[in-house]
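Okay, so here's the structure we're looking at.
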Amino acid sequence: MTQSLKDKLVIILLAAVIAAFSITFIAIEEQVEIFALLVFAAALVLGGAKLGITASIAQSLARNERLMNFAFIAATIAVVFWFREDHFPLLMIATVLLYVIACCGLNIQFGFTGVVNFAGAAFFGVGCYTAAVLGDTSVPLLLVILLGGIIAAIVGSVLIIPVLRTRGHYAAVVTIAFGLLFRTFLEVNDTLGGPQGLGVSGMNLFGWDFNNNIEISENLEISFYMNYVVLALIMVVLTFVLMRRIERSWIGLNFDAVRLDETAAACFGINIKRWKIVAFTLGNFLAGTAGALYAMMLGFIAPSNFAFSDSLILVSIVLLGGMGSLWGTILAAGLVVLLPEKLQVIQEYRFLIYAVVMILILLFRPQGILPRGLRAYIPGWRG
Amino acid sequence: MAQQQETVLTFRGLTRRFGGVIALNKFDMELTNGQILGLIGPNGSGKTTSFNVLTGIYEANGGSIEFLGQDITSWPAQKVYEAGVARTFQRSRLCLELSIFDNIMIGNHKRLNQGLLFNIFQRKALKEQIQENHEEARKLLKIFDPALAEKMFDPVGSLRMIDRRRIEICRALISHPRLLLLDEPSAGMTHEETRELMDDILEVREMIDGLSIILVEHEMGMIERVTDKCIVLNFGQKICEGAYRDVASDKLVQEAYLGGE
Ligand SMILES: Nc1ncnc2c1ncn2[C@@H]1O[C@H](COP(=O)(O)OP(=O)(O)O)[C@@H](O)[C@H]1O
Ligand SMILES: [Mg+2]
């Protein structure tokens, strides 16, 4: 068997295993079974790492990036198709996808450029409220998603001066304050529903109402959440393409240079402020677009959805997955969103467990579970 | 030969203080086209500070800097680089988790298309730019070490200190600067390695038209061999200037060194 054929088989097999695992994980309800499945998966990954299988799989993946991308999209579609009639699993999947987009935004800011943002939930929230306010107007809803991003980016510009002026802990405090301010503003603002929040009309695309189940035949009625999953998946793919293109260009290099050594970067002409502004704005834009669709999907939003703890969850996804790592973000978003839904223990001690996991990660694996690799400007090309 | 005399850089009364310490005290100097200037002096005499003030990392507290006929005294670091000044750092400042190629391309900033839309949407043109610059960086690196040139996508953090210094010099040279500032490039190298490094730098100078160099160096053999002129600093003040031979026999200089070490 040739190397390239072997690589292809490995990738297809891996995608199939991931799909099967995800389906099982989402489908089973029994706590013991879920726990057993997780232990099994952990053992598989750790064992694979010990035997060097993980490394060889990683090489196969790196050699066939295009196939890998398609295989993982196909795996996602398979999982989604499996749950086509079930509301709750589809809602969870769509939530994961939208979190991935928001965390990609955070990755541009924090993972690539080193600009901390502990107000991610606030920018996500700006997108949500944009959808709530504009949803009943005649503005086309696809445009509302875009506007959610644009308005989040504009709101973020308030923070640009403090973000440029401060570093490290101070910058973190500034963004935390902004997040709290945002929530308080929503709570006291009656036109935005106050603490009770606002209803949001569902997505409607050229007359296609996203909030109706799709009746295919008498015994097949696809959950209306499928609409949201499909749109969210398309948005994830677009975000992914954007992230990749940024990373594999001079922009990504400038971001890295700013994060790693501002003084050296300045000595080679890199305009620190410009790239921080670009990263901050772009990141908030992504969070805003995700928020807009999220609000339409839930149909209802309230200030309590955008607490500091929600911002922390977004940051923890980025750290857990690995700073700047795209696949890491997807894996971590899946874990962080789904685990508390599946395991009641986690539900109850959610923040305690997050805190412990974050400390462990920062101590023992600061590069995250799927660390970002070196920049490959052109996949497969090494000069 | 008329061009040889063109003045590239002038300091007039350049002064920089850190609290009570006068790191640079009314420093005057002149550098002409293609000249190699050795900047020597005991530790803490202001050599690195003169680089930092010149490149815009620190502001001058007094005096002026003229580069290629322009007053650049209060220019930000980015603008100084754009004008053609590139440097290395005494304590290597590479991005260790990035590849060799990435690090060299950071130094090539002004020759790359930094447009947002270009980078995101014109992928084909970008790809060509990447490949062209890769080839150029490889050629440059090859002068310093052919083996390194074959490892362009290895992380810099995995390399030896000497290799890192070479890469730092390439990062400074890739943009074809008019003035190269080398801050103790041979620190931690053996005599043989230092010799090689200097030969490489001289070779590159032949390729870049009219490149002037300021070299901060403790290795006097190297200073003697490559510099056209030397300036000795002590407590931020210029105490002597001239050809290496004259400077080395100067009484003040000998005192400064004996007193300093
Ligand atoms: N950032 C700084 N803050 C305070 N003092 C500094 C700083 N940089 C340099 N100095 C002081 O300025 C003087 C000159 O230092 P430097 O230029 O690094 O000397 P050299 O490079 O010749 O060894 C020293 O006394 C040093 O302590
Ligand atoms: Mg020094």
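The values are calculated or read from the model by the stated rules, or taken from the named source; none is laboratory data. Owing to the predicted nature of the structure, the values given are computational and were not obtained by experimental measurement. Backbone-built Cβ (ideal geometry, glycine too); neighbour counts: all protein chains shown. The protein model used for the area step is the full one, side chains on, heavy atoms only, and it has no ligands, DNA or RNA in it. Shrake-Rupley method; radii C 1.70, N 1.55, O 1.52, S 1.80 Å.
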Inset, instruction - Answer yes if at least one residue in the stretch A:220-241 is of a type in the set (A, V, I, L, M) and either within 14 Å of another protein chain (Cβ to nearest Cβ) or under 30 Å from residue B:181 (Cβ atoms) (or both), and no otherwise. - result: yes
Inset, instruction - Count, please, the residues in the stretch A:362-383 that happen to be assigned to a helix (DSSP H, G or I) and under 27 Å from residue A:76 (Cα atoms). - result: 0
Legend entry - Among the candidates B:63, B:13, B:69, B:44, residue that is of a type in the set (Gly, Ala, Ser), within 14 Å of ligand 2 (Cβ to nearest atom), more than 14 Å from every other protein chain (Cβ to nearest Cβ) and open to solvent by 10 Å² or more (accessible area, probe 1.4 Å): B:44
Legend entry - Evaluation of residue A:258 against (1) within 30 Å of residue B:56 (Cα to Cα); (2) open to solvent by 10 Å² or more (accessible area, probe 1.4 Å) (one fails), failing number: (2)
Legend entry - Selection count where residues are open to solvent by 20 Å² or more (accessible area, probe 1.4 Å) and in contact (Cβ under 8 Å) with a residue 24 or more places away in the chain, scope the stretch A:170-183: 5
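So that you can scan it fast, the table gives a plain yes or no per residue for (1) under 14 Å from the mean Cα position of the chain (by Cα); (2) within 13 Å of chain B (Cβ to nearest Cβ):
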| position | (1), (2) |
| --- | --- |
| A:314 | yes, no |
| A:321 | yes, no |
| A:331 | yes, no |
| A:336 | yes, no |
| A:355 | no, no |
| A:358 | no, no |
| A:365 | no, no |
| A:371 | no, yes |
Legend entry - Residue list for the stretch B:108-138, filter: in contact (Cβ under 8 Å) with a residue 24 or more places away in the chain and more than 7 Å from chain A (Cβ to nearest Cβ): B:108, B:111, B:133, B:136, B:137
Legend entry - Flag if residue B:80 is more than 13 Å from ligand 2 (Cβ to nearest atom), more than 14 Å from chain A (Cβ to nearest Cβ) and open to solvent by less than 70 Å² (accessible area, probe 1.4 Å): no
Inset, instruction - Could you identify the single residue in B:8, B:85 that is away from ligand 2 (no atom under 16 Å from the Cβ), under 20 Å from residue B:168 (Cβ atoms) and in contact (Cβ under 8 Å) with a residue 40 or more places away in the chain? - result: B:85
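Looking at this structure, is residue A:253 modelled with pLDDT of 95 or more, surrounded by fewer than 20 Cβ atoms within 10 Å (Cβ to Cβ) and in contact with a helix residue (DSSP H, G or I) (Cβ under 8 Å, 6 or more places away or on another chain)?
So residue A:253 fails the test.
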Inset, instruction - Say whether the condition of being modelled with pLDDT under 90 and over 30 Å from residue A:279 (Cα atoms) is met by at least one residue in the stretch A:60-72. - result: yes
Inset, instruction - Within the stretch B:47-60, work out how many residues are open to solvent by less than 30 Å² (accessible area, probe 1.4 Å), within 14 Å of chain A (Cβ to nearest Cβ) and more than 16 Å from ligand 2 (Cβ to nearest atom). - result: 1
Legend entry - Condition met for residue B:199 (within 16 Å of the chain's Cα centre (by Cα), assigned by TED's automatic domain parsing to the domain that holds residue B:257, open to solvent by 50 Å² or more (accessible area, probe 1.4 Å) and modelled with pLDDT of 85 or more): yes
Inset, instruction - State all residues of the stretch B:1-59 that are small (Gly, Ala, Ser), within 15 Å of ligand 1 (Cβ to nearest atom) and under 19 Å from residue B:243 (Cα atoms); if no residue qualifies, say none. - result: B:38, B:41
Inset, instruction - Just give me the residues in the stretch A:281-305 being closer than 30 Å to residue B:82 by Cβ and over 16 Å from the mean Cα position of the chain (by Cα), in sequence order. - result: A:281
Inset, instruction - Would you check if there is a residue in the stretch B:180-188 being touching a residue at least 60 places away in the same chain (Cβ under 8 Å), closer than 18 Å to residue B:33 by Cα, within 14 Å of chain A (Cβ to nearest Cβ) and more than 16 Å from ligand 2 (Cβ to nearest atom)? - result: yes
Inset, instruction - Restricting attention to the stretch B:202-223, report how many residues are within 15 Å of the chain's Cα centre (by Cα), within 16 Å of ligand 1 (Cβ to nearest atom) and either on the phi > 0 side of the Ramachandran plot or free of Cβ contacts under 8 Å to residues at least 60 places away in the same chain (or both). - result: 0
Legend entry - Complete set of residues in the stretch B:164-190 that are away from ligand 1 (no atom under 16 Å from the Cβ) and either at pLDDT below 90 or open to solvent by 40 Å² or more (accessible area, probe 1.4 Å) (or both): B:164, B:176, B:178, B:189, B:190
Inset, instruction - Being small (Gly, Ala, Ser) and open to solvent by less than 40 Å² (accessible area, probe 1.4 Å) narrows it down to one of A:27, A:119, A:74, so name that one. - result: A:119
Inset, instruction - Please give the strands (runs of 3 or more DSSP E) falling wholly within the stretch B:1-92 in which 2 or more residues are under 16 Å from the mean Cα position of the chain (by Cα). - result: B:7-18, B:21-32, B:36-40, B:85-87
Legend entry - Any hit, the stretch B:88-102, residues being of a type in the set (Asp, Glu) and surrounded by 18 or more Cβ atoms within 10 Å (Cβ to Cβ): yes
Legend entry - Failed item, numbered, when residue B:205 is tested on (1) open to solvent by 10 Å² or more (accessible area, probe 1.4 Å); (2) farther than 30 Å from residue B:17 by Cβ; (3) modelled with pLDDT of 90 or more: (3)
Legend entry - Candidates B:228, B:250, filtered to the one that is surrounded by fewer than 21 Cβ atoms within 10 Å (Cβ to Cβ), away from ligand 2 (no atom under 16 Å from the Cβ) and under 30 Å from residue B:110 (Cα atoms): B:228
Legend entry - residue A:345 vs. criteria open to solvent by 10 Å² or more (accessible area, probe 1.4 Å) and assigned to a helix (DSSP H, G or I): yes
Inset, instruction - Would you point out which residue out of A:138, A:157, A:201 is open to solvent by 10 Å² or more (accessible area, probe 1.4 Å), in the same structural domain as residue A:254 (by TED's automatic domain parsing) and within 24 Å of residue A:307 (Cβ to Cβ)? - result: A:157
Inset, instruction - For the stretch A:204-232, name all the residues that are among the small types (Gly, Ala, Ser), at pLDDT below 80 and surrounded by 12 or more Cβ atoms within 10 Å (Cβ to Cβ). - result: A:223
